[in-house]
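Working notes, beginning with the structure itself.
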Amino acid sequence: MLDVSKLHMIALSLFFLLLVPVYAGSAAARPIEAAEPAMAQRGWSYFHPPVLGEKPVLQGVPPEQELSPQEVSPAPETEEVQPVSVPVRGSVSLGENSMDTLEPEQIMLIKDYFFYYFESLALGEPQDLSLLFAEDSASQAQAAMHTATFEVLTETRKMQPVDLCLTSCEYQITIGEQRLRENGDLMIYATEENTQEFAGLPGVEAQTLSMGHAFYMRETEEGWKLTKHWQNEDFHLLVSDIFRWGVRDENKETDVEGSWEFARDIVERILNEARRNLVGREEELLAYRGETEDVPSWDHDYDRQAALEYAGQWIGERNPDWPAYDIYGGNCNNFASQVLLAGGIPMDTVGSAQWKWFSETPNSGGGAWGRSASWAGVNEFYQYAQENEGYGLICDLSSSYFDGQPGDLLQFGALGDWKHTVVIAEVVRDEEGNFVDYLIHSNTADRKYYPASAYPYTDHRLIRILGWSE
């Protein structure tokens, strides 16, 4: 019987050869492919863990049917597979720090990953990545975790009241530096940018910028395969953090079936919480009667326009006047604090609740030196907003979720852990003035005009910025 994984690789290679220009050249940012794939619904039978010692098979190909490449012929017109009508365009190029020694198969493996990721978004169904990863248990645990992240993202999007079906998607991948690790794995860095458009938000171009990826791969008997992949993206970290520590705690690092079961459990926990919280949000919206007016008083207004101008400028790059915490858990709240400062909210160096950054030295006491944890920490900033009295930030934490204005902050979390802070850029309303969604700006992941509902987080809370007092 023909190895189905090899048949898949042959078919996928033919796909790219037919639709993608052949890689050539050695200049900086050298294009590898720029194509609009016909995203046929040929996805894996998703989230069914592979039987140990066997390969998962493609849907529609009976495992007992022996095929060879010579026997594959075009389907009759009446049975032709209709492509998904979502235009997905992608390009992959070699950046200035990449080497010319990369093999085509190594580059193809990276292409395959992004193909399945964006196919998951376009189809609204998570694609099984197990064939892209090596067969050892640790690599297959990574496959389970990645398939789980795809399912959390696609399924939470389908739950939302706003239609988040893609109408268009364009992405650009730049391959960067490569390193050979001590265990023989090749590590390849890449940067992703994409623009997504959604059916329920016509005219909105949601951008993701400067998304970092690290691909770890090794050559096996079946060719180059992934052993691990990391990306500096919120939804990926939401699942991977739980998975990584849970697999270690439960000693499932060498248990493929156990890894898939644990990933399945994470998905169910997140999706069940998402369903419960969406019911509560719908009830809140039905009871909503307009902006909450019972709020604290303040001395000086918040300059929302200045705040938003700053926010729009520092997405995809970092202000060199400030430190960046992307590799220390994320730059999101550091970015949000800078936005508030640009909007006229002064640092608070007095009292028991402080909000400041003067240097990297931790300082929870008074004085205009050091930094408070509230500057860059999600939970710590919320605690400052709760406890501050007198001088400094005046905000409202009791308002309805639907009271937000451009320049206000949202915080996202799941399973009891608040993980992300974003800045509201716009409030989307329908023709009758009813709330539809928030569009946000953020760091780590860096996003512009991105729908708040497109995040897979299950918990949301509004920090309504009012101004500041003497």
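The number of residues in segment 97-153 that are within 18 Å of ASP255 (Cα to Cα) and among the β-branched types (Val, Ile, Thr) comes to 1.
Condition check ((1) assigned by TED's automatic domain parsing to the domain that holds TRP230; (2) among the acidic types (Asp, Glu); (3) farther than 22 Å from TYR449 by Cβ) across all residues:
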residue: GLU257; (1), (2), (3): yes, yes, yes
residue: GLU273; (1), (2), (3): yes, yes, yes
residue: THR292; (1), (2), (3): no, no, yes
residue: GLY312; (1), (2), (3): no, no, no
residue: GLY329; (1), (2), (3): no, no, yes
residue: ASN333; (1), (2), (3): no, no, no
residue: ALA336; (1), (2), (3): no, no, no
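May I ask you to verify whether LEU439 is in a strand (DSSP E or B), closer than 27 Å to ASP241 by Cβ, touching a strand residue (DSSP E or B) at 6+ places or on another chain (Cβ under 9 Å) and in the same structural domain as TRP357 (by TED's automatic domain parsing)? Here the answer is yes, as LEU439 does meet what is asked.
Elements of the type strands (runs of 3 or more DSSP E) sitting completely within segment 163-253 and holding at least 3 residues that are among the β-branched types (Val, Ile, Thr) and modelled with pLDDT under 95: there are none.
Residue-by-condition table, conditions (1) out of contact with any Gly (no Cβ under 8 Å at 6 or more places or on another chain); (2) at pLDDT 95 or above:
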{"position": "PHE262", "(1), (2)": "no, no"}
{"position": "ARG269", "(1), (2)": "yes, yes"}
{"position": "GLU273", "(1), (2)": "yes, yes"}
{"position": "ASN277", "(1), (2)": "yes, yes"}
{"position": "ARG289", "(1), (2)": "yes, no"}
{"position": "THR292", "(1), (2)": "yes, no"}
{"position": "LEU308", "(1), (2)": "no, yes"}
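If I filter segment 358-377 for residues that are outside any loop (DSSP other than H, G, I, E, B) and either in contact (Cβ under 8 Å) with a residue 60 or more places away in the chain or in contact with a helix residue (DSSP H, G or I) (Cβ under 8 Å, 6 or more places away or on another chain) (or both), do I get at least one hit? The answer is no, given that none of the residues of segment 358-377 is outside any loop (DSSP other than H, G, I, E, B) and either in contact (Cβ under 8 Å) with a residue 60 or more places away in the chain or in contact with a helix residue (DSSP H, G or I) (Cβ under 8 Å, 6 or more places away or on another chain) (or both). For GLN411, the criteria (1) under 17 Å from VAL339 (Cα atoms); (2) surrounded by fewer than 16 Cβ atoms within 10 Å (Cβ to Cβ); (3) of a type outside the set (A, V, I, L, M) hold in every case but one, which is (2). In segment 351-359, the condition of being modelled with pLDDT of 95 or more and farther than 24 Å from ILE394 by Cβ is met by at least one residue. Does LEU121 satisfy being crowded, with 20+ Cβ neighbours inside 10 Å, under 30 Å from ASN434 (Cβ atoms), of a type in the set (A, V, I, L, M, F, W, C) and modelled with pLDDT under 95? The answer is yes for LEU121. Checked against the criterion of being assigned to a loop (DSSP other than H, G, I, E, B), modelled with pLDDT of 95 or more, more than 20 Å from the chain's Cα centre (by Cα) and surrounded by fewer than 24 Cβ atoms within 10 Å (Cβ to Cβ), segment 417-428 has no qualifying residue.
Taking every residue in segment 244-268 that is surrounded by fewer than 17 Cβ atoms within 10 Å (Cβ to Cβ) and pairing it with any residue that is outside any loop (DSSP other than H, G, I, E, B) and at pLDDT 65 or above, at least 6 positions away or on another chain, the pairs with Cβ-Cβ distances below 6 Å are GLY246/PHE262; GLU253/VAL247; THR254/SER137. Within segment 326-352, the residues that satisfy the criterion of being in a loop (DSSP other than H, G, I, E, B) and in contact (Cβ under 8 Å) with a residue 60 or more places away in the chain are GLY330, ASN331, GLY343, GLY344, ILE345, PRO346.
The values are calculated or read from the model by the stated rules, or taken from the named source; none is laboratory data. Keep in mind that this is a model prediction, so the values were computed, not measured. Backbone-built Cβ (ideal geometry, glycine too); neighbour counts: all protein chains shown.
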